[in-house]
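The structure appears below as structure tokens.
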Amino acid sequence: MTTPTLLGISGSLRKGSSNRKLLREAARLFGPCTYVEADLQMPLYDGDLEEAEGVVEPAVTLSRQIADADAVLISTPEYNKGPSGALKNALDWVSRTDGNPWAGKPVAVMSSAAGRAGGERAQLILRTYMVPFRPRLLMGPEMHLAAAGSQFDDADQLTGEMYIKDLTALMENLKAEIRV
């Protein structure tokens, strides 16, 4: 098999966010792969804008990246007990592109948050957002990185053995899905 391409989608727009770090760690633990990180900077979905100008280019790019990837990693923060608005907005825009790039696509969902639940509620809601797209969502192991600000070393690698074990197992399950 050729080197797989993983697309990382962070629900946090911050460059140094723990969700971006978690995605990069997932790709590292996955092993040899081409890792591409999505850019969710796009206007809020607006039907009038779509009617006037069509689907915005960042959404078309994201849709193409999803279609071209062998698998997708999504990491969401928890904002007010749910996923970020930026992530939901990107999903809404991608739903307006031609075809369904998510259909049958292996997707590993994870979350990283400052709180003690590690974004568990946000991840649960994100999973329900994904249902209409019909991806192959991995069911586990669940990866909820709690107290995220203290979980990475100076090289942005995870330090907690439990988290490393769970993320490694999740990536092994993702590899198995790609081989299907």
(message) So for region 5-179, if I pair up every lysine 8 or more residues apart or on another chain, how many of those pairs have alpha-carbons under 25 Å apart?
(response) 11
(request) Positive end of the charge dipole of the chain (Lys, Arg +1 and Asp, Glu -1 on Cβ, about the Cα centre): tell me which of 94, 31, 69 has its Cα farthest that way. (result) 31
(request) Please give the FRET efficiency for residue 53 paired with residue 95, using the beta carbon to beta carbon distance and R0 = 22 Å, rounded to the nearest 0.05. (result) 0.85
(request) Report, by chain and number, residues whose modeled amide H sits under 5 Å from the one on residue 34, excluding near sequence neighbours (fewer than 5 apart, same chain). (result) 5, 6
(message) Can you compute the charge dipole magnitude of the chain about its Cα centre, using +1 on each Lys and Arg Cβ and -1 on each Asp and Glu Cβ, nothing else charged? Give it in debye, rounded to the nearest 20.
(response) 520 debye
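Taking the mean number of other Cβ atoms within 10 Å as a proxy for protection, how do you rank 18-30, 48-60, 167-179 from highest to lowest?
Highest mean packing first, the order is 18-30, 167-179, 48-60.
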(message) Per residue, how big is the convex hull of region 88-180 when only Cα atoms are used? Give it in Å³.
(response) 119 Å³
(request) May I ask you to evaluate 6.51 cos²θ - 1.76 cosθ + 1.60, the Karplus curve with θ = phi - 60°, for each residue of region 12-26 and list the ³J(HN,Hα) values in order in whole Hz, giving x for glycine and proline? (result) 9, 7, 5, 4, x, 5, 5, 5, 5, 4, 5, 4, 5, 5, 4
(request) Starting from the Cα-Cα distance between residue 155 and residue 5, subtract it from 0.36 nm times their residue separation and give me the gain in nm to one decimal. (result) 51.7 nm
(message) Run the simple label-point estimate for residue 29 and residue 128 please: 7 Å along Cα→C-beta, distance reported in nm.
(response) 2.7 nm
(message) Just want the answer: with Cβ charges of +1 for Lys and Arg and -1 for Asp and Glu, which residue in 107, 79, 60 is farthest toward the dipole's positive end in region 59-145?
(response) 79
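Any read-out appearing in this document is the output of simple, stated calculations on the displayed coordinates, not a laboratory observation. Predicted model only: the values in this text are computed from it and were never measured. Every residue, glycine as well, gets a Cβ built from its backbone with ideal geometry; the counts of neighbours run over all protein chains shown.
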